[in-house]
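Could you have a look at this structure, given as structure tokens, before my questions?
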Amino acid sequence: MNRIIKNILPFIAALPFCCAAFFSPMPAMADEYWDRKVSLFDSIPVYREDIVFLGNSITDGGEFNELFKLENIKNRGIRSDVIDGVLKRLDQVTDGHPAKIFLLIGINDVAHNLTPARLADKYERLVKAIREKSPETRLYIQSVMPVNNDFRRYKTLTGKEKTIVEFNKLIKKIAEENNATYIDLWPYLADKNGKLYRRYTNDGLHLTGAGYKAWTAGIKKYVAE
């Protein structure tokens with residue numbers, strides 16, 4: 001019996017490290033991905049004639065050059081990013097004083113259980129920074145997109161529908177107070193119940209090809225003007 005205990009002790013001692021390795025990769029991978037994308041953006045500057053799409057994974061997944069058939073669009077979306085993350089890397093965009101910025105950010109902050117007021121505080125700080133650093137840029141502030149929790153994929157967004165609606169009301173006010181154009185994306189993406197159309201998503205949050213087509217069709221006039 002003593003020999004058996006002696007043999008399994010090293011295995012028991014290693015369990016915490018095994019568990020840590022099993023449960024921790026997602027945050028580490030997100031951080032590593034953020035760092036890789038930021039280092040890439042450092043090497044491809046933004047210029048005055050550019051149209052920049054700035055945001056998180058929803059932006060990250062869009063092939064906007066092809067969707068709009070424009071070569072001067074730059075995608076500055078990073079998977080899992082939050083408002084503070086965009087603020088931290090904002091100089092990569094504003095230093096180039098681009099012609100336009102299309103901002104879409106905030107759903108990951110909603111998932112962190114922040115109140116609409118707290119979300120708005122963070123958002124306003126970001127918008128004011130954009131205005132201060134590149135006042136000549138035309139800023140288009142897009143509403144946080146609807147979600148569809150029927151997929152039961154993202155537990156941190158369960159029950160957050162009202163928060164998103166209230167947050168969007170505050171985002172619209174921030175846009176109006178900071179000389180920015182507010183774009184409500186819900187008429188293009190939400191069904192009659194205020195949920196992201198099932199045909200536009202496969203997980204209740206991110207967009208499929210049909211979703212990207214609907215989104216970009218809705219904002220095409222702002223890109224072209």
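Which one is nearest to ASN65 (Cα to Cα) among residues in the range 183-196 that are of a type outside the set (Asp, Glu) and surrounded by fewer than 16 Cβ atoms within 10 Å (Cβ to Cβ)?
Here the residue is PRO187.
Next question. Please list, ordered by first then second residue, the pairs with beta carbon atoms under 6 Å, 6 or more apart or interchain, first in the range 102-119 and under 21 Å from TRP215 (Cβ atoms), second among the charged types (D, E, K, R) and modelled with pLDDT of 95 or more.
From residues that are under 21 Å from TRP215 (Cβ atoms), the pairs are VAL110/LYS160.
Please work out if VAL93 is at pLDDT 65 or above and within 18 Å of LEU185 (Cβ to Cβ).
So VAL93 fails the test.
Scanning the range 204-225 for residues that are closer than 17 Å to LEU103 by Cα and in contact with a strand residue (DSSP E or B) (Cβ under 7 Å, 6 or more places away or on another chain), which turns out surrounded by the most Cβ atoms within 10 Å (Cβ to Cβ)?
Only one residue tops the list, namely LEU207.
Looking at the range 72-108 only, could you name the residues that are of a type in the set (Asp, Glu), surrounded by fewer than 22 Cβ atoms within 10 Å (Cβ to Cβ) and within 18 Å of SER143 (Cα to Cα)?
The one that is of a type in the set (Asp, Glu), surrounded by fewer than 22 Cβ atoms within 10 Å (Cβ to Cβ) and within 18 Å of SER143 (Cα to Cα): ASP84.
Another question about this same structure. Is there any pair linking a residue in the range 202-214 that is within 22 Å of LEU157 (Cα to Cα) to one that is aromatic (Phe, Trp, Tyr), with Cβ under 7 Å and at least six apart or on different chains, and which?
Final answer for the pair search is ASP203/PHE151; GLY204/PHE151; GLY204/TYR154; LEU205/TYR154; LEU207/TYR200; LEU207/TRP215; THR208/TYR200; GLY211/TYR200.
With among the β-branched types (Val, Ile, Thr), out of contact with any Leu (no Cβ under 7 Å at 6 or more places or on another chain) and at pLDDT below 95 as the only criterion, which of ILE44, ILE4 stands out?
ILE4
For a quick check of your reading of the model, give me the residue pairs whose first member lies in the range 45-65 and is without any contact (Cβ under 8 Å) to a residue 60 or more places away in the chain and within 13 Å of GLY209 (Cα to Cα), whose second is of a type in the set (D, E, K, R) and not in a loop (DSSP other than H, G, I, E, B), with beta-carbon atoms closer than 8 Å and at least 6 apart or on different chains.
Correct list of pairs: THR59/ARG76.
Here's a follow-up. Of the residues ALA111, ALA117, which is of a type in the set (A, V, I, L, M), surrounded by fewer than 18 Cβ atoms within 10 Å (Cβ to Cβ) and either more than 13 Å from the chain's Cα centre (by Cα) or at pLDDT 95 or above (or both)?
ALA117
For the range 108-127, which residues satisfy the criterion of being β-branched (Val, Ile, Thr) and in contact with a Phe, Trp or Tyr (Cβ under 8 Å, 6 or more places away or on another chain)?
Passing the criteria: only VAL110.
Here are the criteria: (1) loosely packed, with under 13 Cβ neighbours inside 10 Å; (2) of a type in the set (Val, Ile, Thr); (3) closer than 16 Å to ILE58 by Cα. Tell me which single one THR201 does not satisfy.
(1)
Considering each residue of the range 131-151, count those that are in contact (Cβ under 8 Å) with a residue 24 or more places away in the chain and either among the basic types (Lys, Arg) or outside any loop (DSSP other than H, G, I, E, B) (or both), and give that number.
10
Within the range 47-71, track down each residue that is among the small types (Gly, Ala, Ser) and either surrounded by fewer than 17 Cβ atoms within 10 Å (Cβ to Cβ) or modelled with pLDDT under 95 (or both).
Hit for the range 47-71 is GLY61, nothing else.
May I ask you to say which residue of TYR188, TYR182 is under 17 Å from the mean Cα position of the chain (by Cα) and at pLDDT 95 or above?
Matching residue, one of TYR188, TYR182: TYR182.
The values are calculated or read from the model by the stated rules, or taken from the named source; none is laboratory data. It should be emphasised that the depicted structure is a prediction, and the values quoted were computed from it without experimental measurement. Neighbour counts run over all protein chains shown; Cβ positions are idealised from the backbone, glycine included.
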